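Everything on this sheet refers to the single structure shown next.
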Amino acid sequence: MKLSGKEFRSWDNKCVTLLGMSGVGKTRLANTLCKRHWFHYSADYRIGTRYLGEPILDNIKSQAMQIPFLRELLRSDSIYISNNITVDNLKPVASFLGKLGNPELGGLGLKEFKRRQALHLNAEIAAMKDVPEFIRKAREIYGYQHFVNDAGGSVCELDDSDTIRTLAAHTLIVYIKATERDEQELIRRAEEDPKPLYYREQFLDEQLTIYMRDNGLPYVALVDPDQFVRWMFPRLFYTRIPRYQAIADEHGYTITTEELAHVRDGAGFLKLVENTVEKQS
């Protein structure tokens, strides 16, 4: 959605989609906004509770079934397992996505890893296409004036033009671009705490071939899961940047993490976006 500064100011029910890598401040900003007038739509929460809920539970149950004590209790319906996914606790989603590599180190085989990646891809597309309906619910059911879509870091990799057009038609897209200093900080964090990530299949295949060749590994089962994520993150990060930028250039606007750092409340965010719209329109 492209607007003039005047159109943005006069927009009574503002709807914004936040784009950017995990860690740039999307959720922090959304939590700041939702204290009063903003409905916070968390894409990862929607993915985990609506579209991957059953596969996540199946994964947990399969792990529990490997423990004799729990296996007998599950088979006799003496216990049940449920997710406790919240906007601030998305670990069940990450644990399902998993990491590629040596099963003795908690890794997944390539076939199973790709199966889960495909499920996540479809779930993320579905969650983004739910945005228009949740805009309606936020206003008509919950009485919120504004709406913020806290999109997942991998939205730029969906390669689904219908999804981006849906977001652009119903929301003002704001790409939060990391400064060079923040880029290095994100990479440092990923090295310290490697987390499961979504990769486009073509990108995964290309990079995995390079990694295994350079490390002399004949089988995926010999890949160290954490080390592979550490190696992949900078490569993934720098391939995503032009993808985010292309979406922002065509459909939205760009702010930096440095600019966002000065935002303390909803009024500050609106002023930042208004100024950005006026400069970039």
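Table for the structure above
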| read-out | value |
| --- | --- |
| Selected residue (criterion: farthest from TYR41 (Cα to Cα)) from residues of region 82-100 that are part of a loop (DSSP other than H, G, I, E, B) and small (Gly, Ala, Ser) | GLY98 |
| Only one of LEU33, LEU57, LEU29 that is touching a strand residue (DSSP E or B) at 6+ places or on another chain (Cβ under 6 Å), surrounded by 12 or more Cβ atoms within 10 Å (Cβ to Cβ) and closer than 27 Å to ALA123 by Cα | LEU33 |
| Subset tally (residues that are within 14 Å of the chain's Cα centre (by Cα) and among the aliphatic types (A, V, I, L, M)) for region 25-51 | 3 |
| Qualifying residue in region 213-225 (condition: farther than 19 Å from VAL24 by Cα, among the polar types (S, T, N, Q), part of a helix (DSSP H, G or I) and over 21 Å from the mean Cα position of the chain (by Cα)) | no |
| Inter-residue pairs, beta-carbon under 7 Å, first within 13 Å of ASP130 (Cβ to Cβ) and in region 33-49, second acidic (Asp, Glu) and buried (at least 23 other Cβ atoms within 10 Å of the Cβ), 6+ apart | TYR41/ASP150; SER42/ASP150; ALA43/GLU124; ALA43/ASP150; ILE47/GLU124 |
| Residue count, region 255-280 (criterion: surrounded by fewer than 20 Cβ atoms within 10 Å (Cβ to Cβ) and in contact with a Lys or Arg (Cβ under 7 Å, 6 or more places away or on another chain)) | 2 |
| Scan of region 161-183 for residues that are surrounded by 18 or more Cβ atoms within 10 Å (Cβ to Cβ) and among the small types (Gly, Ala, Ser), ordered by number | ALA178 |
| Residue within region 5-24 that is part of a helix (DSSP H, G or I), in contact (Cβ under 8 Å) with a residue 12 or more places away in the chain, among the basic types (Lys, Arg) and more than 25 Å from LYS114 (Cβ to Cβ) present | yes |
| Hits in region 173-184 - residues which are over 16 Å from the mean Cα position of the chain (by Cα) and in contact (Cβ under 8 Å) with a residue 60 or more places away in the chain | THR179, ASP182 |
| Residue in region 158-182 that is farthest from VAL16 (Cα to Cα), counting only those that are assigned to a helix (DSSP H, G or I) and basic (Lys, Arg) | ARG181 |
| Region 58-94: number of residues that are of a type in the set (D, E, K, R) and under 25 Å from GLY107 (Cβ atoms) | 4 |
| Test: residue in region 192-201 that is assigned to a helix (DSSP H, G or I) and crowded, with 19+ Cβ neighbours inside 10 Å | no |
| Residue within region 144-151 that is outside any helix (DSSP H, G or I), in contact (Cβ under 8 Å) with a residue 24 or more places away in the chain and of a type in the set (A, V, I, L, M) present | yes |
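Every residue, every condition in (1) at pLDDT 95 or above; (2) of a type outside the set (S, T, N, Q), yes or no:
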site: LYS129; (1), (2): yes, yes
site: ILE135; (1), (2): yes, yes
site: ILE141; (1), (2): yes, yes
site: ASN149; (1), (2): yes, no
site: GLY152; (1), (2): no, yes
site: ASP162; (1), (2): yes, yes
site: ALA168; (1), (2): yes, yes
site: TYR175; (1), (2): yes, yes
site: ALA190; (1), (2): no, yes
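The values are calculated or read from the model by the stated rules, or taken from the named source; none is laboratory data. Here the structure is a predicted model, which means the values were calculated and not measured. In this analysis, Cβ positions are derived from the backbone assuming ideal geometry, glycine residues included, and neighbour counts consider all displayed protein chains.
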